[in-house]
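Worksheet: the structure to be examined is printed underneath.
The values are calculated or read from the model by the stated rules, or taken from the named source; none is laboratory data. This one's a predicted model, so the numbers in the text were calculated from it and none came from an experiment. Using ideal geometry, Cβ is built from the backbone for each residue, glycine included, and neighbour counts are taken over all protein chains shown. Please note that ligands, DNA and RNA were not included when accessible areas were found on the heavy atoms of the full protein model with its side chains. Shrake-Rupley method; radii C 1.70, N 1.55, O 1.52, S 1.80 Å.
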Amino acid sequence: MTHTRLPRPLLVVGAALLAIASATAPATAVSPRAGFPYQNPNLPIADRVTDLMARMTLDEKLGQMTQAERAALNPQSDLATFRIGSVLSGGGSAPSPNNAQSWATMYDSFQRTALSTPLAIPMIYGVDAVHGHNNVVGATIFPHDIGLGATRDPALASQIGRATAEEMAGTGANWDFAPCLCVARNDRWGRTYESFGETPAIPTAMSTIITGLQGATLGGAPASVLATAKHYIGDGGTTGGVNAGNTQLSEADLRAIHLPPFKAAVDRGVGAVMISYNSWNGVKDHGNRHLITDILKTELGFSGFVVSDWAGIDQIDGQSGFSAADIDASINAGIDMVMVPTNYKLFISMLRTEVNNGHISRARIDDANRRILTKKFQLGLFEHPLADRTFTPTVGSAAHRALARQAVRESQVLLKNSGGILPLAKNAKVFVAGKSADDIGLQSGGWTISWQGSSGNTTPGTTVLQGIRNTVSGGSVTYDRNGNGVNSSYTAAIAVIGETPYAEGAGDRPGSMGLDQEDLATLSRLRASGAPVVVVLMSGRPLDISAQLPDWRALIAAWLPGTEGQGVADILFGNASPTGKLPMSWPQSAAQEPINDGDGKTPLFPLGFGLTW
């Protein structure tokens with residue numbers, strides 16, 4: 001997760017603010033150009049980290065463990081004053097104008113501020129690039145993970161990771177809060193589309209995206225960005241599919257269902273792991289030492305650093321804001337960096353107090369710093385701290401859009417094709433309707449330009465309607481969003497329908513999981529015309545469609561394909577054959593939720609189902 005909310009009051013004013021600033025800023029320092037061992041790229045990284053840490057004050061170490069939202073850094077000089085180790089853009093938090101060049105300029109400005117400190121420790125900049133570099137207008141938006149899971153193509157996932165890393169590098173961002181390796185076990189959950197699939201085998205296989213993001217070794221080649229396995233652990237297994245709810249499982253079941261993708265990520269050398277908001281049997285993950293230190297760090301051997309989710313430590317004690325007890329519990333549980341994200345001054349002050357009173361050991365602070373600094377050295381940030389503008393032209397490039405189009409093609413799951421109506425002939429006379437037919441925002445879903453996503457022309461791309469028009473030759477394409485004017489003379493009436501964008505808890509569906517009234521009205525008009533109805537369903541999860549399905553000649557699950565809608569048209573008109581397979585069991589009705597492979601329930605379409613021709 002991570003997104004933009006209005007910052008909380010900093011709770012520190014007047015004399016208190018001055019006291020915190022004074023106490024936090026190191027008193028003395030030497031020039032970073034003195035040629036200390038930590039600045040020598042030829043030395044082993046472990047030695048460089050040891051040398052640097054020996055020169056750091058406690059306050060500098062506490063700053064490294066702090067992550068602040070870009071909009072909360074006011075003034076920007078606080079980044080240096082408080083020695084803050086990381087900055088992030090929450091969903092929708094962007095410079096103006098929102099384009100690749102502005103991002104690179106903004107990043108460089110923050111980095112130069114960080115480098116102005118005596119030890120010149122670079123900051124690391126985090127973003128939720130969860131289906132491409134999706135905060136940036138003009139970036140390539142790939143299908144959400146549920147669609148990539150339908151491809152069953154780990155090599156493709158790696159290529160997408162590489163393309164995303166290149167677009168990030170061109171804007172300066174060097175830390176991706178992705179991939180989500182959740183195993184979504186209840187489609188009511190608002191983050192189902194962030195899951196590659198309902199069984200651990202699918203996200204485990206698709207963890208190749210980590211190698212795409214980081215490279216064979218972190219920092220081993222240009223455009224290597226830090227990947228993050230999230231959300232550890234059990235976020236997709238909550239009771240009722242409630243976002244940030246309670247995952248009620250035995251440890252054996254937690255390990256069997258939700259741990260394998262994280263083990264795969266650790267084995268791939270993932271640099272960071274983000275902790276989940278959910279609880280496990282009533283205990284918040286953010287304060288669970290057994291999960292973070294005993295299992296992740298010790299048993300799995302994770303050597304990177306652990307980051308909280310957005311204000312995640314605040315929820316440990318169930319009270320508003322973070323308390324000293326929250327800080328103690330989270331840091332002692334094994335969290336190395338806290339996404340505060342706004343009250344960084346108060347956080348640093350309280351963290352210092354907890355160290356000085358012995359509630360958090362100096363050894364724990366040093367362990368966190370060694371983990372964080374190791375990744376910064378591995379990324380090469382001390383030698384190359386600024387944005388690599390040789391990659392800026394890759395943002396939204398033709399090559400990346402072609403890759404996204406391929407991903408869209410491979411993600412389409414053909415669920416019904418009565419009478420072999422598909423593929424349509426390119427000279428067909430087709431009618432296109434539906435709210436999602438000509439809307440980049442709807443076909444991209446949440447986490448696109450803004451946190452929740454939105455309808456409309458939010459970023460450049462090709463809508464499904466545009467893709468159809470590009471494909472039909474010698475025939476005709478008639479479009480009306482609501483289906484007005486359709487008649488039986490059309491070869492097919494293509495309805496592009498589905499969910500509207502959402503993210504996280506806003507997408508939880510505890511009640512109906514059916515189509516909305518606009519979609520039902522559009523479908524009714526098409527059905528009444530007598531033209532064969534072909535449905536392209538854009539959704540972040542399986543929906544309750546059993547009552548309508550008999551009226552449709554064909555059904556394609558298109559998921560949330562992103563900006564390259566031409567890939568949908570490629571399947572409709574036979575430029576490619578459908579190869580996608582369901583990454584989730586498709587319920588007969590919402591009453592079957594949760595429904596998963598092997599649970600004895602009979603789905604409408606089983607996990608792995610997908611037709612072709």
message = Need the failing condition index for Arg405 against (1) over 26 Å from Gly126 (Cα atoms); (2) open to solvent by less than 10 Å² (accessible area, probe 1.4 Å); (3) of a type outside the set (A, V, I, L, M), just the number.
response = (2)
ask   = Which residues, counting only those in segment 348-393, are free of Cβ contacts under 8 Å to residues at least 60 places away in the same chain and within 30 Å of Ala216 (Cβ to Cβ)?
value = Asp367, His384
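Name every residue in segment 51-77 that is among the β-branched types (Val, Ile, Thr) and in contact with a helix residue (DSSP H, G or I) (Cβ under 8 Å, 6 or more places away or on another chain), in order of residue number.
First pass over segment 51-77, keeping only residues among the β-branched types (Val, Ile, Thr): 57, 66.
Correct list: Thr66 only.
How many of the residues making up segment 374-402 are open to solvent by 40 Å² or more (accessible area, probe 1.4 Å) and of a type outside the set (A, V, I, L, M, F, W, C)?
Of the residues in segment 374-402, 8 are open to solvent by 40 Å² or more (accessible area, probe 1.4 Å) and of a type outside the set (A, V, I, L, M, F, W, C).
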task = Return a yes/no flag: does segment 559-570 have any residue that is of a type in the set (Phe, Trp, Tyr) and open to solvent by 10 Å² or more (accessible area, probe 1.4 Å).
result = no
inquiry  = Quick check on segment 209-237: of everything there that is over 15 Å from the mean Cα position of the chain (by Cα) and among the β-branched types (Val, Ile, Thr), which residue is farthest from Gly380 (Cα to Cα)?
reply    = Ile233
ask   = Are any residues in segment 329-357 over 16 Å from Lys61 (Cα atoms) and either crowded, with 19+ Cβ neighbours inside 10 Å or aliphatic (A, V, I, L, M) (or both), and if so, which ones?
value = Ala329, Ser330, Ala333, Pro341, Thr342, Asn343
request  = Tell me which of these Thr164 doesn't satisfy, since it passes every other one: (1) among the hydroxyl-bearing types (Ser, Thr, Tyr); (2) more than 26 Å from Ser96 (Cα to Cα); (3) not in a loop (DSSP other than H, G, I, E, B).
outcome  = (2)
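Does Asp267 satisfy the condition of being in contact with a Leu (Cβ under 9 Å, 6 or more places away or on another chain), surrounded by fewer than 24 Cβ atoms within 10 Å (Cβ to Cβ) and closer than 20 Å to Leu296 by Cα?
On the way: in contact with a Leu (Cβ under 9 Å, 6 or more places away or on another chain): yes; surrounded by fewer than 24 Cβ atoms within 10 Å (Cβ to Cβ): yes; closer than 20 Å to Leu296 by Cα: yes.
Yes; evaluated as a whole, the condition is true for this residue.
Could you tell me whether Ile257 is touching a residue at least 24 places away in the same chain (Cβ under 8 Å), of a type in the set (A, V, I, L, M) and open to solvent by less than 10 Å² (accessible area, probe 1.4 Å)? Working first, answer last.
On the way: touching a residue at least 24 places away in the same chain (Cβ under 8 Å): yes; of a type in the set (A, V, I, L, M): yes; open to solvent by less than 10 Å² (accessible area, probe 1.4 Å): no.
So Ile257 fails the test.
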message = Quick test for you: out of Arg469, Arg481, pick the one residue that is open to solvent by 40 Å² or more (accessible area, probe 1.4 Å) and part of a loop (DSSP other than H, G, I, E, B).
response = Arg481
ask   = How many of the residues making up segment 520-558 are touching a helix residue (DSSP H, G or I) at 6+ places or on another chain (Cβ under 7 Å), closer than 20 Å to Arg481 by Cβ and open to solvent by 40 Å² or more (accessible area, probe 1.4 Å)?
value = 3
message = Please determine whether any residue of segment 440-451 is among the hydroxyl-bearing types (Ser, Thr, Tyr) and either in a loop (DSSP other than H, G, I, E, B) or more than 24 Å from Glu564 (Cβ to Cβ) (or both).
response = no
ask   = Which of the residues belonging to segment 408-433 are open to solvent by less than 50 Å² (accessible area, probe 1.4 Å) and touching an Asp or Glu at 6+ places or on another chain (Cβ under 7 Å)?
value = Val408, Glu410, Ala433
request  = Tell me which of these Gly190 doesn't satisfy, since it passes every other one: (1) in contact with a Phe, Trp or Tyr (Cβ under 7 Å, 6 or more places away or on another chain); (2) surrounded by fewer than 24 Cβ atoms within 10 Å (Cβ to Cβ); (3) within 20 Å of Arg268 (Cβ to Cβ).
outcome  = (3)
remark   = The condition from (1) free of Cβ contacts under 8 Å to residues at least 40 places away in the same chain; (2) more than 29 Å from the chain's Cα centre (by Cα) that Asn482 misses is numbered (1)
query = Restricting to segment 278-313, what's the tally of residues that are hydroxyl-bearing (Ser, Thr, Tyr), in contact with a strand residue (DSSP E or B) (Cβ under 7 Å, 6 or more places away or on another chain) and open to solvent by 10 Å² or more (accessible area, probe 1.4 Å)?
reply = 1
Breaking point among (1) buried (at least 24 other Cβ atoms within 10 Å of the Cβ); (2) free of Cβ contacts under 8 Å to residues at least 60 places away in the same chain; (3) in a helix (DSSP H, G or I), for Thr211 = (1)
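Considering Gly461, Gly445, which residue is buried (at least 21 other Cβ atoms within 10 Å of the Cβ), touching a strand residue (DSSP E or B) at 6+ places or on another chain (Cβ under 9 Å) and under 23 Å from Thr192 (Cα atoms)?
On the way: Gly461 fails: under 23 Å from Thr192 (Cα atoms).
After ruling out the rest, the residue left standing is Gly445.
Every residue, every condition in (1) closer than 17 Å to Lys426 by Cβ; (2) in contact (Cβ under 8 Å) with a residue 12 or more places away in the chain; (3) not basic (Lys, Arg), yes or no:
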{"site": "Arg541", "(1), (2), (3)": "no, yes, no"}
{"site": "Ile545", "(1), (2), (3)": "no, yes, yes"}
{"site": "Arg553", "(1), (2), (3)": "no, yes, no"}
{"site": "Trp559", "(1), (2), (3)": "no, yes, yes"}
{"site": "Leu572", "(1), (2), (3)": "yes, yes, yes"}
{"site": "Thr579", "(1), (2), (3)": "no, yes, yes"}
{"site": "Pro583", "(1), (2), (3)": "no, yes, yes"}
{"site": "Pro587", "(1), (2), (3)": "no, yes, yes"}
{"site": "Glu593", "(1), (2), (3)": "no, yes, yes"}
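Within segment 45-72, can you find the residues that are of a type outside the set (Asp, Glu), open to solvent by less than 10 Å² (accessible area, probe 1.4 Å) and under 26 Å from Ala129 (Cα atoms)? Steps first, please.
Taking segment 45-72 first, the residues of a type outside the set (Asp, Glu) are 45-46, 48-50, 52-58, 61-68, 70-72.
Checking the rest, the ones that are also open to solvent by less than 10 Å² (accessible area, probe 1.4 Å) come to 48-49, 52, 62-68.
Scanning segment 45-72 gives Gly63, Gln64, Met65, Thr66, Gln67, Ala68.
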ask   = In segment 358-373, what count of residues is obtained for those that are among the aliphatic types (A, V, I, L, M) and open to solvent by 30 Å² or more (accessible area, probe 1.4 Å)?
value = 1
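Return the only residue of Asp366, Asp388 being touching a helix residue (DSSP H, G or I) at 6+ places or on another chain (Cβ under 6 Å) and at pLDDT 95 or above.
Numbers: Asp366 fails: touching a helix residue (DSSP H, G or I) at 6+ places or on another chain (Cβ under 6 Å).
Criteria check complete, one pass: Asp388.
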request  = Answer with yes or no whether Thr491 is touching a Pro at 6+ places or on another chain (Cβ under 8 Å) and either open to solvent by less than 40 Å² (accessible area, probe 1.4 Å) or farther than 23 Å from Leu582 by Cβ (or both).
outcome  = yes
message = Out of everything in segment 178-208 that is assigned to a loop (DSSP other than H, G, I, E, B) and charged (D, E, K, R), what residue ends up being nearest to Pro393 (Cα to Cα)?
response = Arg191
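For segment 48-161, give me every one of the strands (runs of 3 or more DSSP E) that falls completely inside it and has 1 or more residues that are small (Gly, Ala, Ser) and under 30 Å from Asp439 (Cα atoms). Break it down into steps so the answer makes sense when it comes.
Working: elements: 66-69, 86-89, 124-127.
It comes to 86-89, 124-127.
Just to be sure before I move on: is Leu115 of a type in the set (A, V, I, L, M, F, W, C), open to solvent by 10 Å² or more (accessible area, probe 1.4 Å) and more than 14 Å from the chain's Cα centre (by Cα) in the structure I sent? Even if it seems obvious, please write down each step before you answer.
Numbers: of a type in the set (A, V, I, L, M, F, W, C): yes; open to solvent by 10 Å² or more (accessible area, probe 1.4 Å): yes; more than 14 Å from the chain's Cα centre (by Cα): yes.
Here the answer is yes, as Leu115 does meet what is asked.
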